[in-house]
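A.B. asks: First the structure, which I've put down as structure tokens, then a few questions once you've had a look.
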Amino acid sequence: MAVVFLGVPFVGYAAELATSEHYLLPSGRSVIGNLYIAGQDAIISGDVQGDVVFLGGTVLVSGTITGDLIAVSGDVTILGSVIGDVRVFAAQAKLLPGAMVGGDLMFGGAEFLAGGNVAGDMMGAALKATLNGVVVGKTRISAQELTLLDHAMLRSDFEYWSPTVTGIDRGAVIVGNVTYHPIASQIPDLNRVLGLVLAVTVALKFLMVLALGFLLFWAFPKRTEAVIHGERIPIHAKAYDIGSYSAHADSDMLFDYVAGAREGLKKVFVVQGEPKAALYLVQRIKDNLGLEALAPHLGDSFILAE
């Protein structure tokens, strides 16, 4: 199963489909399957039980991703957990304190900050890289400016390419071997290679979603009619299914609304809720507000104005 979010109208193989430039998965909500996002920005505060592929401006992950995170964007910030691998190519990428990557971390871009925990290997290239977290696997970095702060802990080998020796604060810990290559140009195309790999990966995933989407679009007939009270009604507009959206007011809110607007009201029609609940609200309006109220049945007719 896949979930597709795009900044332009799109038909895809999806459990949910959005057409806005801004995507939000709120805390407490879950996506079962892969999540594909192409838009201006995205905030993932809920849980994704699959991979997340992002192509766009800014993405913030404060929830949990059980699969991989693949992103090509301007800004990537991880506050939550990614159980799989993280592969990002961004102008600015940040793994903030408290964040966790369960697999490998590969990055490329202008600026990178690793303040969280990485259970696997970390490899990347950036103009400026700052390490202030824990890396369990091997660390290989190319950077014009590379710094290890007090809370940095590299539990395996550390290999880096830089014009100058890395600044290492006193509190930083490196358990394995340290290998320094003084000429950064020994891997001059690493950024370019990382970007190409990520771009190809994202493109292939989106092509797969597009292909599945068009197959489903042609395999299943378009919705041309709806059944309302047993009658087939032709559809001349676009039809969308909303699976988990509810914004109706309850009995108390409806009563308060009528009470606030009682001046000038002549009659109140209660058309929401089950029959018993509707009749209860009718009687409540009559008893407490002194207004004429009724719950009409299907087929009833009324003259609203002479």
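A.B. asks: If residue 107 passes every condition in (1) touching a strand residue (DSSP E or B) at 6+ places or on another chain (Cβ under 6 Å); (2) surrounded by fewer than 20 Cβ atoms within 10 Å (Cβ to Cβ) but one, which one does it miss?
C.D. replies: Just one mismatch for residue 107, condition (2).
A.B. asks: Sort out for me the strands (runs of 3 or more DSSP E) sitting completely within segment 62-161 that have 2 or more residues that are modelled with pLDDT under 95, under 23 Å from residue 181 (Cα atoms) and out of contact with any Ser or Thr (no Cβ under 9 Å at 6 or more places or on another chain).
C.D. replies: 105-114
A.B. asks: Related question: Within segment 68-89, which residues are of a type outside the set (A, V, I, L, M) and under 12 Å from residue 104 (Cβ atoms)?
C.D. replies: 68, 84, 85, 87
A.B. asks: Taking the condition of being under 17 Å from residue 150 (Cα atoms) and not β-branched (Val, Ile, Thr), how many residues in segment 100-127 meet it?
C.D. replies: 6
A.B. asks: Within the set of pairs 6+ apart or on separate chains, which have a first residue in segment 268-288 that is at positive phi, a second that is surrounded by 14 or more Cβ atoms within 10 Å (Cβ to Cβ) and assigned to a helix (DSSP H, G or I), and C-beta atoms under 9 Å apart?
C.D. replies: Sorted first by the residue in segment 268-288, then by its partner, the pairs are 273/251; 273/254; 273/280; 273/281.
A.B. asks: Right, here's the next one. Give the number of residues within segment 268-306 that are more than 18 Å from residue 256 (Cβ to Cβ) and among the polar types (S, T, N, Q).
C.D. replies: Within segment 268-306, residues that are more than 18 Å from residue 256 (Cβ to Cβ) and among the polar types (S, T, N, Q) number 1.
The values are calculated or read from the model by the stated rules, or taken from the named source; none is laboratory data. Source: prediction; values computed, not measured. When we count neighbours, we look across all protein chains shown, and the Cβ atoms used for this are built from the backbone with ideal geometry, even at glycine.
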